[in-house]
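The values are calculated or read from the model by the stated rules, or taken from the named source; none is laboratory data. Please read all numbers here as calculations on a predicted model, not as lab measurements. Here the Cβ positions follow ideal geometry from the backbone for every residue, glycine too, while neighbour counts run over all protein chains shown. Side chains included, ligands, DNA and RNA excluded: accessible areas come from the protein's heavy atoms. Shrake-Rupley method; radii C 1.70, N 1.55, O 1.52, S 1.80 Å.
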Amino acid sequence: MEPIRKVSIIGTGSYVPEKVLTNKDLESIVDTTDEWIYSRTGMRERHIAAADQAASDLGAEAARKAIDDAGISAEDVDLIIVATLSPDMFFPSTACFVQEKIGAKNAFCYDLGAACSGFLYAMDTARAQIACGAVETVLVIGTEKMSTFIDWEDRSTCILFGDGAGAVVLQAGGEGRGVMQSVMGSDGSLAHLLSTPGGGSRNPISHEMIDQKQHFLKMEGRDVFKHAVKRMGDTVLQALEKNGISSDEVGCFIPHQANIRIIDAISKRLGVADRMYSNVEKYANTSSAALAIALDEAVKDGTISKGDLVVLTVFGGGFTWGANVLEWGK
Ligand code: ACO
């Protein structure tokens, strides 16, 4: 058995498709207003993938940037984990499609399903695989084409989501403490509050299922809101305690980008509003890509610099949630 090894992020990348859909544009699609959307969510616009772009195309764009940023070649990657709830198809995995697109021919590949929490879960899976000595270099991608699974006649959900992808490369070694222990949790008894009920083995594809629009995302917004605030706040505190870090030492908190009011409520509870990162205004909720895009932007715009402690936290369908702490070493 190899010893537990330190793990660091050595590269980040992100990609959003070209087409922008503003709140004003949504006014001509459903009965809503820019003012309602912005005041209830903090969102101004979101990006929408082209008809010929699938989740793997968005993911491959982000992956290439992360690999370049890491200064490695795609052939150095041992494992690709893709977090997505909008895969190219049920199988094979979206990770296999990404592998082929970027030429990571030495990697083994799989997808990880934890809804919006998928990227953080995948990062922790990668950390564990590297720490135990099974692999050296892992590409973790969060990628979503949410626009495919949204009911564009349902104003309570269609305004909330956007498409995009983010990626990180993790490797053994590096300076500082690197990616530390995560805290994660799930509660399957609340699965019905946020799901896409049709199209799987429970409720297979049929004309009737499609007529009932069961293949689109369904959400009880108010319940999700309350649980998201509580779970992300609790989990951040647990992750800090687990790693022996006080919140005063943290340079940047990056929460799931689902709603600015959720983010503000967590900031207030933890007293960290001055260090809370958000880009929900530009991209809306890109589910498992949201954290990855925000991390890449926070690094590239200088919010995060070498030696900073960073806390990531997520919440999503399942319900699933989690937080992890890392020391930025680049
Ligand atoms: N435009 C105008 N009015 C609207 C819209 C809209 N787009 N959507 C809903 N309304 C109306 C409702 O019909 C309701 O009208 P009524 O009072 O006449 O019945 C009124 O606005 C209030 O609706 P609420 O649902 O109570 O509005 P709320 O303030 O709760 O905001 C929202 C709704 C934005 C969805 C909020 O509940 C939320 O953000 N929830 C969490 C969502 C979330 O985080 N999801 C993702 C987490 S996991 C993941 O990322 C997959």
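Suppose each label sits 7 Å from its Cα in the direction of the beta carbon; what would the N203-D274 distance come out to in nanometres?
4.8
Given 0.36 nm per residue, what is the gain on full extension from I210 to T33 after removing their alpha carbon distance, in nm?
The span from I210 to T33 would gain 60.9 nm if fully extended.
For the pair S73 and K230, what calculated FRET efficiency results from E = 1/(1 + (r/R0)^6), where r is the Cβ-Cβ distance and R0 = 51 Å, to the nearest 0.05?
0.70
State the percentage of accessible surface on the range 146-195 attributable to carbon and sulfur atoms; use a 1.4 Å probe and exclude ligands, DNA and RNA.
51
Enter the Cα centre distance for the pair the range 63-84 and the range 197-274, rounded to the nearest angstrom.
A separation of 27 Å, based on Cα centres.
Over the chain, what is the relative contact order in percent, taking alpha-carbon pairs closer than 8 angstrom and at least six residues apart?
25
What does the charge count around A323 come to, taking other residues whose C-beta lies under 11 Å from its C-beta (Lys +1, Arg +1, Asp -1, Glu -1)?
It works out to a net charge of -1.
What aspartates and glutamates could a cross-link reach from K218, if we take a straight Cα to Cα line under 15 Å and drop same-chain neighbours fewer than 8 places away?
Reachable aspartates and glutamates: D151, E153, D154.
Under 12 Å from the Cβ of T148, count the other residues' Cβ atoms, weight Lys and Arg +1, Asp and Glu -1, and hand me the total.
Neighbourhood net charge equals -3.
State the Cα centre-to-centre distance between the range 1-42 and the range 280-319 in whole Å.
9
Rolling a 1.4 angstrom probe over the protein heavy atoms, how many square angstrom per residue are accessible across the chain?
Ligands and nucleic acids excluded, the result is 42 Å² per residue.
Students often get this wrong, so check it: of K282/K330; K226/K268; K145/K230; K145/K300, which have C-alpha atoms separated by over 21 Å?
Table pairs above 21 Å Cα-Cα are K282/K330; K145/K230; K145/K300.
With +1 on each Lys and Arg Cβ and -1 on each Asp and Glu Cβ, and nothing else charged, work out how big the dipole of the chain is about its Cα centre, in Debye to the nearest 20.
Charge dipole, the chain, about its Cα centre: 680 debye, nearest 20.
Can you bin the range 218-284 into rounded, prolate or oblate? Criterion: square roots of the alpha carbon gyration tensor eigenvalues sorted a ≥ b ≥ c, rounded for a/c under 1.5, prolate for a/b above b/c, oblate for the rest.
It comes out oblate by the Cα gyration axes.
Within the range 86-124, name every residue whose backbone N is under 20 Å away from a label modeled 7 Å from Cα of I4 along the Cβ vector.
121-124
Mind checking the full-extension length gain between M89 and Y110? Use 0.36 nm per residue of separation minus the Cα-Cα distance, one decimal, nm.
The M89-Y110 span can extend by a further 6.3 nm.
Considering only N203, V140, H215, whose Cα is most displaced toward the positive end of the charge dipole of the range 123-220, charges sitting on Cβ of Lys, Arg (+1) and Asp, Glu (-1)?
V140
Could you order peptides 89-97, 75-83 by the average number of other Cβ atoms within 10 Å of their residues, highest first?
Ranking the peptides 89-97, 75-83 by packing returns 75-83, 89-97.
Got a number for carbon plus sulfur as a percent of the range 1-115's accessible area, 1.4 Å probe?
Exposed carbon and sulfur together represent 53 percent of the surface.
Dividing the Cα radius of gyration by the Kirkwood radius, what Rg/Rh value follows for the chain?
Taking Rg over the Kirkwood Rh, I get 0.95.
How much length would be gained if the chain were fully extended between W152 and K306, taking 0.36 nm per residue of separation minus their Cα-Cα distance, in nm to one decimal?
51.2 nm
Rounded, prolate or oblate: pick one for the range 101-162, where a ≥ b ≥ c are the square roots of the eigenvalues of its C-alpha gyration tensor, a/c under 1.5 means rounded, and failing that, prolate if a/b is larger than b/c, else oblate.
Note, shape of the range 101-162 comes out prolate.
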